[in-house]
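Below is one structure, written out as structure tokens; comments come after it.
The values are calculated or read from the model by the stated rules, or taken from the named source; none is laboratory data. What you are looking at is a predicted structure, and each value in this text was computed from that prediction instead of being measured. Cβ: placed from backbone, ideal geometry, glycine included. Neighbour counts: every protein chain shown.
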Amino acid sequence: MGKGNNMIPNGHFHKDWQRFVKTWFNQPARRHRRKQNRIKKAKAVAPRPAAGPLRPVVRCPTVRYHTKVRAGRGFTLREVRAAGLSAAFARTIGISVDPRRRNKSVESLQVNVQRLKEYRARLILFPKGKKVLKGEANEEERKLATQLSGPLMPARSLARLVGIRAKRLKDAAENPDDVTKAPTAVKEAKSKK
């Protein structure tokens with residue numbers, strides 16, 4: 001009988017359960033396969049950025065997260081036009097456009113317009129045909145073009161936080177035992193035990 005107010009043990013062991021056990025020993029091989037697929041995809045899109053099209057900087061929803069910024073789905077039509085591009089052309093040069101998104105503030109509009117202009121300035125545009133049109137790269141510039149392998153213009157919080165981040169890292173390095181200053185260092189120490 002079961003002890004206390006607990007269920008009486010009644011194991012359901014009628015099936016040949018050992019046949020249905022699923023193992024995960026193929027994870028290292030899956031990791032290798034994912035890596036090979038990433039390399040294959042990067043080669044297929046070269047010399048375009050491996051990370052895919054450029055995304056806008058957007059704020060996370062709700063009061064809890066609205067101080068954080070992240071990459072959104074696509075630029076608004078207003079942002080694209082303000083940067084001096086058309087939506088159709090923007091899509092051909094690796095810029096993601098989302099006609100559903102709306103600009104709720106002038107600040108977000110300006111940030112993303114600046115982002116588009118910066119991207120356009122960095123961009124080396126290859127000619128479609130044999131003729132090199134205005135704004136397209138010549139032979140020498142095309143030879144210098146390299147594929148960007150990391151994230152494409154990552155969305156980061158305001159520059160005012162950069163100094164704070166550096167200070168936190170410095171404090172963590174100086175005081176590895178202080179829980180408040182080095183939460184990651186404490187976690188690492190616990191995992192070693």
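Quick look at the numbers
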read-out: Residue in segment 97-120 that is in the same structural domain as Ala145 (by TED's automatic domain parsing), small (Gly, Ala, Ser) and within 29 Å of Gln147 (Cβ to Cβ) present; value: no
read-out: Residue tally, condition under 17 Å from Leu85 (Cα atoms) and of a type in the set (D, E, K, R), over segment 121-141; value: 3
read-out: Where Lys143 falls short, out of the listed (1) modelled with pLDDT of 95 or more; (2) more than 24 Å from the chain's Cα centre (by Cα); (3) basic (Lys, Arg); value: (1)
read-out: Residues being in a helix (DSSP H, G or I) and modelled with pLDDT of 75 or more - total across segment 166-193; value: 9
read-out: Output for segment 91-114, where each listed residue is in contact with a Pro (Cβ under 7 Å, 6 or more places away or on another chain) and either of a type in the set (A, V, I, L, M, F, W, C) or within 16 Å of Arg81 (Cβ to Cβ) (or both); value: Ile95, Ser96, Asn112
read-out: Residues (without any contact (Cβ under 8 Å) to a residue 24 or more places away in the chain, in a helix (DSSP H, G or I) and under 20 Å from Lys104 (Cα atoms)) located in segment 39-92; value: Thr62, Val63, Arg64, Tyr65, Leu77, Arg81, Ala87
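Yes or no, residue by residue, for (1) touching a strand residue (DSSP E or B) at 6+ places or on another chain (Cβ under 8 Å); (2) farther than 30 Å from Ala155 by Cβ; (3) not assigned by TED's automatic domain parsing to the domain that holds Gly135:
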| residue | (1), (2), (3) |
| --- | --- |
| Gly11 | no, yes, yes |
| Gln36 | no, no, no |
| Lys40 | no, no, no |
| Lys43 | no, no, no |
| Arg55 | yes, no, no |
| Phe75 | yes, no, no |
| Glu79 | no, no, no |
| Gly84 | no, no, no |
